[in-house]
Amino acid sequence: MMYNQLYFLISIYFVGASFNMLIFKDLKPVIRHFITPLLGVAFYSLSTGYLIILKMPVKLVSVLLILLILWVFIYYYNFFKILKEEKSFSLNKLRTYWLSKEFIFSLFLYSIIATFFVLLGKSSPGSDSTQFEGIGRFLANGGTVRDKPLYLAFLLNGRLLVVGAMHCINRLYGAYSLYALNSTIVIWFLGLATLLLNDLLKNNLTKKLKVLFLGAFVLVTVLQKSYYFQIFSIHSNAFAMIYFSLAVISLYLFSKSGIESWLTLGSFLMGIATLIRIDMLIFSLLYFVLFSRIVDDNYSALKKSWAVFIIVSIPWRLFTLSFTSFDVFYVSADQILLLLFAHIGLATVTLVTQKKFLPFFHNLPLISTVLAMLIIVLLSIIYPYGFELGWEIFVKYRLLGQDWFLLTIAIIIMMIITPIIRKIDSDIVIFSYSIALYVLLLFLMVSLYGYEKKDHTVGRMVNHIVPLCTFWVFLSFSQIIGKAKRNLLNT
């Protein structure tokens, strides 16, 4: 039983690798292979979702069939695209992918990490964990939406994709509890973030100082209380944290490299994030607001990114909407519809303004931040109870509480020094805008939702920006050090 979960974890890597050989080919090989497990989780979850939509039992054979169909579709999409551009397309070139040293190294490293956590057998399951496990076992035993289980809308919108799907497939491999997946993916993500930061530090720091910075980044991140908890927790927060943070980082990496694969990857990751937690549909709006800061007049990139996001995220939401009433607890049909219309509205605004009002489009992050702050001010006047609720539950109890006080101080300091760093690297504001808008949206969520108890889900959602904040801090201070070093050399 123990090694069955290891087989499942290794299969995640191979599923991701089979798709990674077709996409994101412009990225550095080592980075592509470190993204592989995240793609494996994503495509496993998508295949499970399609089977649920089709009201078919989730079996290992049917999951693999859906994966094959998706792979063939992407393969032929690339095939005809390349033929149209009059370039050669050879399957033999794809075969070399499996023999590359980067693939062999990353697979070996991933296998070691997965084996370690399987043998360690440590997890911190909470009350929510049993719900994720329960829906996974229900699906693995042949259950479908036709069986109409209790609280179906809640399960579809809050407990199924992605973690519930992972539980299901883990059971299909013969394992019982999904105790090693979060640990493996969270640590693997930390390695990926360190690799990305390493590339960004090259021009700013000496080799010795860079090693010190990277070591400090790893220690500060993994020893942060909330991040460490996510390593052993069986929940959806770790995956939401990873996919959201990496999507925003991808925008910054595009701004530095100009490689459009980063935009495609970021949009794909953000689409998967909305499948992990439905509240990510709010913060995916944030992502496309930030998008306008870096693409300028690249209309093709904007259309493609919206298309990738919509294809990944919207079909599942439309499906769950048919099982969700207007008075169901957790999330209701009117809230889902509001979020879907908000995305349609934002897509329309960005596509139109990029063509006709480029200055407005480029300043959309600033406009959105000011607008969110204005709404909060108006809320304090028109709806003082909601404003007070947001202050008490989110700001006072969370941001100024024991768990998040240091994070709040770090955010404030970074906001203060952002104008200085912006003179060195204007694109660094992607991080400051993302954190500011995220916090403002959380405040509005608490204020308008009306939930008065202190166990509000917003407390768990703060976890999602922890690695993003840490990445921002280390990147920013490396910019300052690099600038100081260059000034010293020029004197």
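The values are calculated or read from the model by the stated rules, or taken from the named source; none is laboratory data. Nothing here was measured: the structure is a model prediction, and the numbers come from that model. Counting neighbours? That spans all protein chains shown, and the Cβs are built from the backbone with ideal geometry, glycine included.
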Considering the range 137-180, residues that are under 20 Å from the mean Cα position of the chain (by Cα) and of a type in the set (A, V, I, L, M), and then whichever is nearest to residue 332 (Cα to Cα), we arrive at 156
When the range 332-360 is checked residue by residue, the ones that are assigned to a helix (DSSP H, G or I), loosely packed, with under 14 Cβ neighbours inside 10 Å and out of contact with any helix residue (DSSP H, G or I) (no Cβ under 7 Å at 6 or more places or on another chain) are 334, 338, 341, 344, 345, 348, 352, 356, 358, 359
When every residue in the range 361-388 that is within 19 Å of residue 449 (Cβ to Cβ) and of a type outside the set (A, V, I, L, M, F, W, C) is compared, the one surrounded by the most Cβ atoms within 10 Å (Cβ to Cβ) is 386
For the range 309-323, state whether one or more residues are surrounded by fewer than 17 Cβ atoms within 10 Å (Cβ to Cβ) and among the charged types (D, E, K, R). no
So is residue 249 within 22 Å of residue 433 (Cα to Cα), in contact with a helix residue (DSSP H, G or I) (Cβ under 6 Å, 6 or more places away or on another chain) and assigned to a helix (DSSP H, G or I) or not? no
Per the list (1) assigned to a helix (DSSP H, G or I); (2) buried (at least 23 other Cβ atoms within 10 Å of the Cβ), residue check on residue 190 breaks on (2)
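Filter the range 271-290 for residues that are hydrophobic (A, V, I, L, M, F, W, C), touching a residue at least 40 places away in the same chain (Cβ under 8 Å) and assigned to a helix (DSSP H, G or I) and give the result.
Selection gives 272, 275, 276, 280, 281, 282, 283, 285, 286, 288, 289, 290.
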Residues in the range 175-211 that are more than 25 Å from residue 131 (Cα to Cα) and not hydrophobic (A, V, I, L, M, F, W, C) total 11
Here the residues within the range 147-174 that are in a loop (DSSP other than H, G, I, E, B), out of contact with any Leu (no Cβ under 7 Å at 6 or more places or on another chain) and modelled with pLDDT of 90 or more are 173, 174
If we keep only residues of the range 1-59 that are over 21 Å from residue 246 (Cβ atoms) and outside any helix (DSSP H, G or I), then the residue farthest from the chain's Cα centre (by Cα) is 1
Checking 388, 392 in turn, the sole residue that is of a type in the set (D, E, K, R), without any contact (Cβ under 8 Å) to a residue 40 or more places away in the chain, out of contact with any Phe, Trp or Tyr (no Cβ under 6 Å at 6 or more places or on another chain) and more than 25 Å from residue 466 (Cα to Cα) turns out to be 388
If you go through 290, 275, 265, 285, the only one that is under 22 Å from residue 157 (Cα atoms) and crowded, with 21+ Cβ neighbours inside 10 Å is 275
With the first residue restricted to the range 340-360 and required to be more than 18 Å from residue 308 (Cβ to Cβ), and the second required to be part of a helix (DSSP H, G or I) and among the aromatic types (Phe, Trp, Tyr), Cβ contacts under 8 Å at 6 or more apart or on different chains are 353/360; 353/361; 355/299
Matching residues in the range 101-136 (more than 18 Å from residue 55 (Cβ to Cβ) and surrounded by 16 or more Cβ atoms within 10 Å (Cβ to Cβ)) number 16
Apart from one, (1) surrounded by fewer than 20 Cβ atoms within 10 Å (Cβ to Cβ); (2) more than 26 Å from the chain's Cα centre (by Cα); (3) not hydroxyl-bearing (Ser, Thr, Tyr); (4) not in a helix (DSSP H, G or I) all hold for residue 204; the odd one out is (1)
All conditions in (1) surrounded by 19 or more Cβ atoms within 10 Å (Cβ to Cβ); (2) over 18 Å from residue 439 (Cβ atoms); (3) of a type outside the set (S, T, N, Q); (4) in contact (Cβ under 8 Å) with a residue 60 or more places away in the chain are true of residue 295 except (4)
Per the filter on the range 134-146, residues touching a Lys or Arg at 6+ places or on another chain (Cβ under 9 Å) and either part of a helix (DSSP H, G or I) or among the hydrophobic types (A, V, I, L, M, F, W, C) (or both) are 134, 135, 136, 137, 139, 140, 145, 146
Listed by first then second residue, the pairs whose first member lies in the range 179-193 and is hydroxyl-bearing (Ser, Thr, Tyr), whose partner is surrounded by 22 or more Cβ atoms within 10 Å (Cβ to Cβ), with beta carbons under 6 Å and at least 6 positions apart or on separate chains, are 183/117; 184/9; 184/114; 184/117
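The rows are residues; the columns are (1) within 22 Å of residue 241 (Cβ to Cβ); (2) out of contact with any Phe, Trp or Tyr (no Cβ under 8 Å at 6 or more places or on another chain).
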site: 145; (1), (2): no, no
site: 151; (1), (2): no, yes
site: 165; (1), (2): yes, no
site: 182; (1), (2): yes, no
site: 189; (1), (2): yes, yes
Going through the range 47-74 in order, the residues found to be hydrophobic (A, V, I, L, M, F, W, C) and in contact (Cβ under 8 Å) with a residue 60 or more places away in the chain are 52, 53, 56, 58, 60, 63
The residue from 405, 443, 394, 431 that alone is at pLDDT 90 or above, surrounded by fewer than 13 Cβ atoms within 10 Å (Cβ to Cβ) and under 26 Å from the mean Cα position of the chain (by Cα) is 405
